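S.K.: Just passing along the structure, written as structure tokens.
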There are 2 protein chains.
Amino acid sequence: MRHITFTGLGIVIPVERALRKMRFAGFLTMLLLVAPGMQAQELAQQTPVVSPELAADNSVTFRIKAPDAAEVKLTGNWMPVAPDGQGGFAQQMVSLEKGGDGVWAATVPAMDPELYAYAFMVDGVRTLDPANKHIVRDGRFSTASVLYVPGEASDLYWAKKGPKGSVHEVWYESPTLGLTRRMFVYTPPGYAESNANYPVLYLLHGGGGDEEAWPTLGAAPNIIDNLINAGKAKPMLVVMTNGNPDQAAAFTVSPKLDTESQGAGGMANMLFEKSLVNDVIPYIEAHYQVATGKENRALTGLSMGGLQTMNTSFENPGMFDYIGVMSMGFADLSRFGINIDHSKREAQIKALGAADPDLYWIACGKDDFLYESVVTMREQLDALDFDYTYRESPGGHTWSNWRIYLSEFAPMLFK
Amino acid sequence: MRHITFTGLGIVIPVERALRKMRFAGFLTMLLLVAPGMQAQELAQQTPVVSPELAADNSVTFRIKAPDAAEVKLTGNWMPVAPDGQGGFAQQMVSLEKGGDGVWAATVPAMDPELYAYAFMVDGVRTLDPANKHIVRDGRFSTASVLYVPGEASDLYWAKKGPKGSVHEVWYESPTLGLTRRMFVYTPPGYAESNANYPVLYLLHGGGGDEEAWPTLGAAPNIIDNLINAGKAKPMLVVMTNGNPDQAAAFTVSPKLDTESQGAGGMANMLFEKSLVNDVIPYIEAHYQVATGKENRALTGLSMGGLQTMNTSFENPGMFDYIGVMSMGFADLSRFGINIDHSKREAQIKALGAADPDLYWIACGKDDFLYESVVTMREQLDALDFDYTYRESPGGHTWSNWRIYLSEFAPMLFK
């Protein structure tokens with residue numbers, strides 16, 4: 001059955017009927033309601049394309065209508081990288097087959113439970129799945145279509161029945177950076193009804209990302225809700241900041257507020273770290289029902305946020321009892337023009353060791369391109385008898401790993 | 001200058017250097033970090049495409065790299081609809097010209113200040129702008145790339161410097177619908193520091209939409225912030241619900257919570273209206289610093305939400321002093337299989353008239369396909385001497401109009 005839909009009204013009717021109706025006077029403007037780019041002609045010929053279609057065995061069929069395309073491929077963040085035969089490396093792609101109706105399709109065999117990002121390459125043009133309205137942005141890098149594959153390994157990543165926390169989009173003054181800045185604050189189930197003071201996890205994104213990364217790609221609110229409801233994590237607040245010190249907020253909020261952050265700005269100048277300590281933490285502790293003291297503060301972040309976690313906890317050894325460094329070590333990024341100051345690490349490690357945090361957790365994927373920097377970091381920590389826990393996972397520098405790390409780190413906090 | 005970026009780390013480096021580096025041992029996995037679908041080969045040939053590019057005179061150049069495409073067009077929600085010469089109607093599109101580098105481009109002359117949605121049609125395939133990471137979802141209908149054109153007419157739609165409210169994503173119990181449901185609650189600047197009790201605007205989306213519509217497409221938090229900061233609107237809470245009675249939350253939150261709402265479910269069965277009165281308003285009045293009584297409650301919505309506004313205020317005449325019906329009248333939608341009960345309108349109008357609300361505001365676009373239903377409504381209101389204000393705007397059933405209506409309605413409230 002062919003259908004036409006009208007924005008705002010939510011009416012779904014067979015397309016033949018719609019086209020017949022359109023010919024009536026007074027219906028001239030109905031097409032104004034149709035998604036931009038939909039032609040009456042096209043609609044008349046259109047069979048709804050279902051994509052992605054998840055089968056009972058977790059195989060997934062991807063489809064896109066492209067009658068004039070010569071080649072359609074599928075690219076997804078689950079696909080391996082291999083030599084491309086031309087001296088470089090490329091993510092492998094899956095070729096789609098063209099059907100008689102101009103709809104290309106490919107079925108990927110049983111996929112592991114996960115939250116995936118994918119796109120089509122239609123004659124080389126990156127195209128989000130037009131049939132899938134669930135889309136996501138990975139910082140300044142890319143946009144993608146989203147696929148959830150259900151199962152035990154991905155069970156924490158979506159909202160389920162049961163008590164739920166709230167996510168608050170709040171703006172705070174940062175005198176350190178001279179900006180009014182945006183962050184997301186998660187409060188746990190029961191927060192509004194309780195008089196208790198909760199501990200706080202500060203959760204940092206990576207370079208090129210922003211404060212929208214953990215609430216969307218990172219699924220942090222769902223992960224924490226589900227861990228708390230399962231009795232696996234203590235009720236806590238989770239503060240998701242913008243780690244780019246020259247940016248007030250994600251560029252989606254306002255082009256006028258945006259200064260195109262180069263990401264690297266947050267890598268080496270220590271400004272975000274200062275604003276976290278001077279502006280963010282005092283704001284949270286003044287405006288929310290939170291417990292203070294190092295035993296009630298945790299800090300973790302990935303990649304650039306891992307560096308910021310390291311720097312902040314080293315420079316403020318009595319501030320956090322729970323510290324998690326994800327996918328980052330004592331990296332030398334000078335080849336990228338980023339000069340990170342590691343000269344004080346020995347003194348910093350000794351000072352933090354003396355403060356004796358309850359947990360210093362380091363997590364890295366075996367295939368992470370920063371893996372060696374983590375080896376270097378661990379060697380220096382070992383040489384100074386610094387107490388830490390190391391978690392090595394499969395995979396690389398990926399959101400899949402960062403969601404897993406959060407789901408493992410949160411249960412260890414505030415115990 | 002060609003660049004390559006690495007997800008999570010935020011490093012932007014010239015691509016030649018990246019490719020050279022990649023050939024070193026240890027960099028095999030770097031490409032894992034690149035947006036899915038980016039090939040080393042492709043990157044090596046890539047000049048960053050800038051799109052959309054806004055010139056000083058508000059002309060906008062759109063670009064997309066598609067070396068193998070035969071035809072690339074631009075479609076945007078500002079483009080008119082016209083007969084397509086084949087018995088139907090279609091949104092006009094702008095053709096792009098292909099450059100020698102495989103990049104297609106078109107420049108649209110000075111555009112009016114607005115918040116626009118657009119997409120490319122690459123050989124007939126709807127493609128979001130790969131160079132523009134600002135994307136938006138219009139309910140179940142479509143996804144699009146976003147373009148802001150600054151100017152007086154669009155000045156309310158983005159975040160500016162100055163005090164800001166907060167948006168809270170909250171879940172509440174709806175015994176009426178048997179669901180734990182999600183909504184967004186905007187609290188005005190200064191709310192957290194104040195002991196005042198604020199009035200509340202309940203703001204409803206249209207069919208096919210969900211609770212994410214007004215905070216994103218509708219720019220409601222920015223509009224209300226800016227109106228309050230300009231002294232044009234009273235500080236108020238704004239509650240943005242999900243108007244599909246069979247849906248717990250937008251499908252982006254969880255596939256497991258989703259029951260594919262057909263939109264029409266919210267049109268005629270009055271279930272959402274009941275849940276608004278029985279579940280939402282009591283929740284808000286119990287959990288927030290709000291003033292109660294009809295003089296502190298306003299209700300408005302568009303299209304399906306306009307019908308829900310009408311139904312709720314008619315059935316509960318003493319509940320709201322400020323009522324706004326956008327882009328909806330006494331519509332006969334039986335041709336779409338939706339049977340709205342208008343049989344009680346006369347009694348309802350008399351009852352609401354007796355309750356004497358401060359403002360009953362009706363807004364509709366001249367080109368709205370529901371225009372005639374608003375004429376019918378006004379005739380019935382006039383016949384019963386019901387006091388209302390009518391606002392007729394250019395254009396049709398569009399988010400552009402609904403943002404304008406909100407910006408006009410909010411200043412009239414709670415005075």
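Here, each number is a calculation from the coordinates, and none is a lab measurement. Fair warning: this is a prediction, and the values are worked out from it, not measured in the lab. Using ideal geometry, Cβ is built from the backbone for each residue, glycine included, and neighbour counts are taken over all protein chains shown.
S.K.: Rounded, prolate or oblate: which fits the stretch B:156-412, taking a ≥ b ≥ c as square roots of the Cα gyration tensor eigenvalues, rounded meaning a/c under 1.5, else prolate when a/b beats b/c?
M.R.: rounded
S.K.: Can you compute 3J(HN,Hα) from phi for each residue in the stretch A:162-175, using the Karplus curve 6.51 cos²θ - 1.76 cosθ + 1.60 with θ = phi - 60°, rounded to whole Hz and x for Gly and Pro?
M.R.: Karplus values, whole Hz, x for Gly and Pro: x, x, 9, x, 10, 10, 10, 8, 10, 10, 9, 7, 10, x.
S.K.: Could you work out the local net charge near residue B:395, counting Lys and Arg as +1, Asp and Glu as -1, over the other residues with Cβ closer than 9 Å to its Cβ?
M.R.: Result for the local shell: -1.
S.K.: Further question: Give the average, rounded to an integer, of partner chain Cβ atoms located within 10 angstrom of each Cβ in B:140-148.
M.R.: That works out to 5 on average.
S.K.: Roughly how crowded by other chains is peptide B:357-370, in terms of the mean Cβ count from those chains within 10 Å of each of its Cβ atoms?
M.R.: The shielding value for this peptide is 2.
S.K.: Another one. If one computes the Cα centroid of the stretch B:153-200 and of the stretch A:288-329, what distance in Å separates the two points?
M.R.: 30 Å
S.K.: Taking a ≥ b ≥ c as the square roots of the Cα gyration tensor eigenvalues, with a/c under 1.5 meaning rounded and otherwise prolate when a/b beats b/c, else oblate, which class fits the stretch A:298-415?
M.R.: oblate
S.K.: Compute the signed sum of charges (Lys and Arg +1, Asp and Glu -1) over the other residues within less than 12 Å, Cβ to Cβ, of residue B:311.
M.R.: Net charge around residue B:311: 0.
S.K.: Would you grab the residues whose amide H sits under 5 Å from the one on residue A:116? Only those 5+ places off in sequence or on another chain, please, with H modelled 1.01 Å from N.
M.R.: Under 5 Å from the amide H of residue A:116: A:147, A:148, A:149.
S.K.: Order these by the 10 Å Cβ neighbour count, fewest first: A:387, A:246, A:57.
M.R.: Placing the least packed residue first, the sequence is A:57, A:387, A:246.
S.K.: Check which residues have an amide H placed less than 5 Å from residue B:180's amide H, if you skip close sequence neighbours.
M.R.: Those lying under 5 Å, H to H, from residue B:180 are B:174.
S.K.: For B:79, B:328, what's the fewest-to-most ordering of other Cβ within 10 Å of each Cβ?
M.R.: Final ranking by Cβ density, sparse to dense: B:79, B:328.
S.K.: Taking the Cα centroid of the stretch A:80-131 and of the stretch B:342-379, what is the distance between the two, rounded to the nearest whole Å?
M.R.: Here the two parts' Cα centres lie 51 Å apart.
S.K.: Taking the convex hull of the alpha carbon atoms in the stretch A:53-150, what volume per residue do you get, in Å³?
M.R.: Normalising the Cα hull of the stretch A:53-150 by residue number yields 117 Å³.
S.K.: I need the phi-derived Karplus couplings for the stretch A:379-393: 6.51 cos²θ - 1.76 cosθ + 1.60, θ = phi - 60°, integer Hz, Gly and Pro marked x.
M.R.: Result, ordered by residue: 4, 5, 5, 4, 4, 9, 6, 7, 8, 8, 10, 10, 10, 10, 10 Hz.
S.K.: Looking at this model, which pairs from A:294/A:344; B:98/B:133; A:73/B:98; A:234/A:415 are more than 18 angstrom apart at the alpha-carbon?
M.R.: In this structure, A:294/A:344; B:98/B:133; A:73/B:98 lie more than 18 Å apart at Cα.
S.K.: Can you run phi through the Karplus equation (6.51, -1.76, 1.60; θ = phi - 60°) for the stretch A:314-329 and list ³J(HN,Hα) in whole Hz, with x for Gly and Pro?
M.R.: Once θ is set to phi - 60°, the couplings for the stretch A:314-329 become 5, 7, 9, x, x, 9, 10, 8, 10, 10, x, 10, 9, 6, 7, x Hz.
S.K.: Other chains near B:69-77: what is the mean number of their Cβ atoms within 10 Å of each residue's Cβ?
M.R.: 3
S.K.: Add +1 for every Lys or Arg and -1 for every Asp or Glu among the other residues with Cβ under 10 Å from the Cβ of residue A:145, and state the total.
M.R.: Charge balance in the 10 Å sphere: 0.
S.K.: May I ask you to sort B:251, B:314 by Cβ crowding, counting other Cβ atoms within 10 Å and putting the fewest first?
M.R.: Going from least to most buried by this count: B:314, B:251.
S.K.: Under the rule of at least 5 residues apart or a separate chain, name every residue whose amide H is placed under 5 Å from the amide H of residue A:233.
M.R.: Those lying under 5 Å, H to H, from residue A:233 are A:228.
S.K.: Same structure, new question: Can you give the convex hull volume of the alpha carbon atoms of the stretch A:131-205 per residue, in Å³?
M.R.: 185 Å³
S.K.: Which of the peptides A:339-352, A:136-149, B:180-193 is most tightly packed, and how do the rest follow, judged by the mean count of other Cβ atoms within 10 Å per residue?
M.R.: Put in order of decreasing packing, that is A:136-149, B:180-193, A:339-352.
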